[in-house]
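A.B. asks: Before we start, here is the structure in question, set down as structure tokens.
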2 protein chains.
Amino acid sequence: MEESEAQISHLALDIGGSLIKLVYFSRNSDNSSSKNSVPVSNGNEGRPVLEGKLHFAKFETAKIHDCIDFIQSKQLCLTGCQHHGSSADEKCIIKATGGGAYKFTDLFKEKLGICLGKEDEMDCLVAGANFLLKSVHDEAFTYMDGQKEFAQIDHDDLYPYLLVNIGSGVSMIKVDGPGKFERVSGTNVGGGTFWGLGRLLTKCKSFDELLELSQQGNNRVIDMLVGDIYGGTDYKKIGLTSTTIASSFGKAISDNKELEDYKPEDISRSLLRMISNNIGQISYLNALRFGLKRIFFAGFFIRGHAYTMDTIAVAVHFWSKGEAKAMFLRHEGFLGALGAFMSYEKHGFDNLMVHQLLQQSPTDPSDGGDKTHGPANSELNDNPSINCSVYLS
Amino acid sequence: MEESEAQISHLALDIGGSLIKLVYFSRNSDNSSSKNSVPVSNGNEGRPVLEGKLHFAKFETAKIHDCIDFIQSKQLCLTGCQHHGSSADEKCIIKATGGGAYKFTDLFKEKLGICLGKEDEMDCLVAGANFLLKSVHDEAFTYMDGQKEFAQIDHDDLYPYLLVNIGSGVSMIKVDGPGKFERVSGTNVGGGTFWGLGRLLTKCKSFDELLELSQQGNNRVIDMLVGDIYGGTDYKKIGLTSTTIASSFGKAISDNKELEDYKPEDISRSLLRMISNNIGQISYLNALRFGLKRIFFAGFFIRGHAYTMDTIAVAVHFWSKGEAKAMFLRHEGFLGALGAFMSYEKHGFDNLMVHQLLQQSPTDPSDGGDKTHGPANSELNDNPSINCSVYLS
């Protein structure tokens, strides 16, 4: 089905420091007028249901005009009001979260004539996480030693958990129930640090290029290991092996080498390891404070990257002595945008109520699923869309 | 008094990944034969006492030959055996700790004919800290908003505390009593990371130059602040002001600037703040685990640098909501070396037993006290020597 034939509705935005994330729903054209019965017993029996897809896209915040063009080309700017029976005078409201919802209010009004309906960032992250964990099949997984394993989430035993969202910066949120949460910590060493420092240290032109480079790198060229200090031996008494990193980038102090003498691959890997490990450690220490055994890591820093996930998982495993578990989410980058999307219902904005979404045919994230269309320069990852049904109220 | 006139004894070494720290005792020549009575009631009344000074020096580990020359020029290599009545054939043992005590065993044997008597690194750090906190007047201080305040340490209420030693890497040790401790955590983001990354990002030729630069820098040029994301406003709901750093180095992602376009001053400051804040946060989270209210920060990363101490103190204050307190030590860099020095007594190596040391005239660390003599290129800081008395056994 061509997307242009689909009826698009419910755009929601998450405008962060580095990236803008979009979520929108497209109704399948072939059943746009059909009203199937609801197959599950959840109190919605008999209500009309629409089949369709949730789509995901992202743009760099620095290239916000690409995002605006994309929204205009798809007429997504009409989605906030088209079902509302609004006249041209009436306000067209698009749900948005993240700091950019405040920063770019005037720009969206001017360029697209839409109002950004601001939703709190933490509210949205939690709503997005809860939705994914409860409603999307095979969403959460563990990753260790190159092995990915989907986690069976018992819906009755989901809470409490620690949600770690790694965007430009990092937020750590203790989630106790739907809408019940507290931001307990965070760190300013996050994805923006990896990309910012990485840009300065290498000639990489994009985050993904930097991430790609790290796969060929060897962090031991730059990191000072315990063995480097102890002359090749372990420091057994406190459980540090000779290959434990004593000091990230510590080898760069004693060399006569300049920046140009190091391979960008090695720099990228060392940086990625330093930051991933640090986030894993701080996350664990916060999980420990509240006795949380499960930590879900999300945010666009991760990008399903094996080494990142492995480092985070190993850090949590190491520091917790196996007591706590790191888990990852397939739609890791879109929690905030999904949460903003969910908020349409909360405010009863529309006669198309997104009451519950059921994934019907999960696609393997590695094959990308249904590709989001967008301009070639928007550096979209292959973000799997979610097949779903929505109920008409 | 010329140091050459003094009788030097008891050299001890701490050979880390970046720096070698030396401690040695010189007896004042004018009282070398006097045997004063002991002025305090501590069980040592009537025992002979010597007046003298503890001296401190440091060298870069990469320039270990400078250190060896220094030891040779001062004949410090004889101090482990001169009171031992050893013949030339007998082993001359110098106490040493840190990984380099293992790595450079053969080098010291070959160049100086001495054996390094290896002492455990954590044992030494704790022994050094306990000695400084108990026996040296005005050793510990708090630092906040540019105000230094000496802490009155109640000797009966010293334990437990968290000791955070920031060398190339960072060790966090819960200290429960003399010789009673556990290394509970650490991080590989430490002084080696600051200097290693700093060297790669700036043209600085020394750690001190990099530190000096940071004083003129402005981290907001490179760090992404909450206000940068939120369009100048706070994110009040979770207590983040517009000037809170959301992402260290995060501004470097969206600029078209290259490394050369940034001032080394700004890079240095951002780096120093990132690392100091991170260490402060992880330290606090570990203090919290064990209900420790006092955290002593030591190690040669700090160097009495105002911005470093301020950042660490603010981090501890912020994350603990004022519950925990960061404290610093005047002889911050020499805990391990002092601990190794103390270990002579433990092993009964010598007839000059270092039973207790009393500081008599503390010097202001800002004026450097009695400067350690050393080769011009050894980049010695002004490490205040400690006037002290030792008891003859």
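The values are calculated or read from the model by the stated rules, or taken from the named source; none is laboratory data. Predicted model only: the values in this text are computed from it and were never measured. Using ideal geometry, Cβ is built from the backbone for each residue, glycine included, and neighbour counts are taken over all protein chains shown. Ligands, DNA and RNA are excluded from the accessible area calculation, which covers all protein heavy atoms including side chains. Shrake-Rupley method; radii C 1.70, N 1.55, O 1.52, S 1.80 Å.
A.B. asks: So, in segment B:280-318, exactly how many residues are without any contact (Cβ under 8 Å) to a residue 40 or more places away in the chain and out of contact with any helix residue (DSSP H, G or I) (no Cβ under 8 Å at 6 or more places or on another chain)?
C.D. replies: 2
A.B. asks: Of everything in segment A:150-177 that's of a type in the set (D, E) and modelled with pLDDT under 95, which residue is most open to solvent (accessible area, probe 1.4 Å)? It would help to see each step written out before you state the result.
C.D. replies: Here is the first cut: in segment A:150-177, the ones of a type in the set (D, E) are A:154, A:156-157, A:176.
After this cut, where a residue has to be modelled with pLDDT under 95 as well, the list is A:154, A:156-157.
Numbers: A:D154: 85, A:D156: 149, A:D157: 84 Å².
Across segment A:150-177, the extreme among qualifying residues is A:D156.
A.B. asks: Please report, ordered by residue number, the strands (runs of 3 or more DSSP E) entirely within segment A:223-341 with at least 2 residues that are buried (at least 24 other Cβ atoms within 10 Å of the Cβ) and more than 24 Å from the chain's Cα centre (by Cα).
C.D. replies: A:245-247
A.B. asks: Would you say B:A96 is part of a helix (DSSP H, G or I) and of a type in the set (G, A, S)?
C.D. replies: No; evaluated as a whole, the condition is false for this residue.
A.B. asks: Looking at A:G191, A:G186, A:G177, can you tell me which residue is more than 8 Å from chain B (Cβ to nearest Cβ) and in contact with a Phe, Trp or Tyr (Cβ under 6 Å, 6 or more places away or on another chain)?
C.D. replies: A:G177
A.B. asks: Checking the condition more than 7 Å from every other protein chain (Cβ to nearest Cβ) and within 32 Å of the chain's Cα centre (by Cα), which residue from B:L211, B:L197 passes?
C.D. replies: B:L211
A.B. asks: Filter segment B:160-171 down to the residues that are more than 10 Å from chain A (Cβ to nearest Cβ) and in a strand (DSSP E or B), then identify the one that is farthest from the chain's Cα centre (by Cα).
C.D. replies: Among those that are more than 10 Å from chain A (Cβ to nearest Cβ) and in a strand (DSSP E or B), it is B:Y161.
A.B. asks: Does B:G117 fit the bill of being open to solvent by less than 30 Å² (accessible area, probe 1.4 Å), within 14 Å of chain A (Cβ to nearest Cβ) and at pLDDT 90 or above?
C.D. replies: no
A.B. asks: Of all the residues that make up segment B:271-299, how many are within 12 Å of chain A (Cβ to nearest Cβ) and among the hydrophobic types (A, V, I, L, M, F, W, C)?
C.D. replies: Within segment B:271-299, residues that are within 12 Å of chain A (Cβ to nearest Cβ) and among the hydrophobic types (A, V, I, L, M, F, W, C) number 9.
A.B. asks: Could you pull out the residue among A:K148, A:K174 that is part of a strand (DSSP E or B), in contact (Cβ under 8 Å) with a residue 60 or more places away in the chain and in the same structural domain as A:S283 (by TED's automatic domain parsing)?
C.D. replies: Working: A:K148 fails: in contact (Cβ under 8 Å) with a residue 60 or more places away in the chain.
Criteria check complete, one pass: A:K174.
A.B. asks: Turning to a different aspect of this structure: Is there a residue being within 14 Å of chain A (Cβ to nearest Cβ), of a type in the set (D, E, K, R) and in contact with a helix residue (DSSP H, G or I) (Cβ under 9 Å, 6 or more places away or on another chain) anywhere in segment B:138-156?
C.D. replies: No: zero hits.
A.B. asks: I'd like to verify a number: residues in segment A:223-255 that are closer than 27 Å to B:S206 by Cβ and more than 9 Å from chain B (Cβ to nearest Cβ), how many?
C.D. replies: Residues in segment A:223-255 being closer than 27 Å to B:S206 by Cβ and more than 9 Å from chain B (Cβ to nearest Cβ): 1 in total.
A.B. asks: Considering only residues that are without any contact (Cβ under 8 Å) to a residue 12 or more places away in the chain and over 21 Å from A:G304 (Cα atoms), look in segment A:181-208 and name the one that is surrounded by the most Cβ atoms within 10 Å (Cβ to Cβ).
C.D. replies: Taking the candidates together, the pick is A:L200.
A.B. asks: Where the second residue is among the hydroxyl-bearing types (S, T, Y) and the first is more than 9 Å from chain A (Cβ to nearest Cβ) and lies in segment B:90-112, which pairs have Cβ atoms under 8 Å and are six or more apart or on separate chains?
C.D. replies: If the second residue must be among the hydroxyl-bearing types (S, T, Y), the pairs left are B:C92/B:S86; B:I94/B:T79; B:K95/B:S343; B:K95/B:Y344.
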